[in-house]
Amino acid sequence: MLKQLGIKLVLVCRKIIGNARKKNVLKNLEEKAKKLSLELSHISDEDVVALIGEDREDK
């Protein structure tokens, strides 16, 4: 679940990066997107379910 969201986020970041490159702006966004992608790749669906459950219990 979170991995799918991460993939979508990376695709959006790549589109932003492509537009930024055309304007020669924000070149470090690519590194940030890669780091975010790596962070998200380590999160399992079970972890996400557990976190959502904890969040609902807190409310």
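Results, tabulated for the structure shown:
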{"item": "Length released on extending from K3 to E39, taking residue separation times 0.36 nm less the Cα-Cα span", "result": "11.9 nm"}
{"item": "Total formal charge among the other residues, if their Cβ is under 13 angstrom from that of G6, Lys/Arg +1 and Asp/Glu -1", "result": "+2"}
{"item": "Neighbourhood charge, 15 Å Cβ-Cβ cut-off, centred on L36 and excluding it, Lys, Arg +1 and Asp, Glu -1", "result": "+4"}
{"item": "Per-pair calculated FRET efficiency, R0 = 25 Å: K32 and I52 via Cβ, rounded to 0.05", "result": "0.50"}
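Bear in mind that the values in this text are calculations on the coordinates, not laboratory data. Quick caveat: nothing in here was measured; it's all calculated off a predicted structure. Ideal geometry is used to build each Cβ from the backbone, glycine not excepted, and the neighbour counts take in all protein chains shown.
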